[in-house]
């Protein structure tokens, strides 16, 4: 009886290992081509071939109405950007950087004589709020970033490669 169990375990292991590349290949082909944020609806959508493949409810900056004008205004920017790099951190679990400020933002800040700010990210929930993470989505609490739960951040992290465009709409 023992050899039968051993053979069965080897068969299952071999089957799983053989199928693993197929699962990896499938994941590569489900990446989003675009991310769209609708601030007024508090919604982030992953877009592939012109269709939303996943949507998330989000939290924004504490002062969510309008385009980011200057550093420290607690606003989430509006416009066309790129998700250009990412990091894992103790502070916000995982985060993907939004390429704010773009050249237009820099020009407007220069005209106003202010600093445009930066380090705008899509990120997860800080560990201190882990137990109430979902409840944080009921209000805007960031300094201008876009926040989702940590579980959602893992999905976004795995679905959105660096270089993906992001449109942030009012």
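The values are calculated or read from the model by the stated rules, or taken from the named source; none is laboratory data. What you see is a predicted model; the values in this text were computed from it and never measured. Cβ atoms come from the backbone with ideal geometry, glycine included; neighbour counts cover every protein chain shown.
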Original post:
Restricting the search to region 93-110, which residues are surrounded by 15 or more Cβ atoms within 10 Å (Cβ to Cβ) and either over 20 Å from residue 153 (Cα atoms) or out of contact with any strand residue (DSSP E or B) (no Cβ under 8 Å at 6 or more places or on another chain) (or both)?
Top reply: 101, 102, 105, 108, 109
Subject >> Sole exception among (1) touching a helix residue (DSSP H, G or I) at 6+ places or on another chain (Cβ under 8 Å); (2) exposed (fewer than 14 other Cβ atoms within 10 Å of the Cβ); (3) modelled with pLDDT of 95 or more for residue 90, by number >> reply: (3)
Original post:
Would you pick out the residues in region 49-75 that are touching a strand residue (DSSP E or B) at 6+ places or on another chain (Cβ under 8 Å) and under 20 Å from residue 160 (Cα atoms)?
Top reply: 52, 53, 54, 55, 56, 57, 58, 59, 60
Subject >> Tabulated pairs, region 143-163, first at negative phi, second modelled with pLDDT of 95 or more and in a helix (DSSP H, G or I), C-beta under 9 angstrom, 6+ apart or interchain >> reply: 147/153; 148/155; 148/156
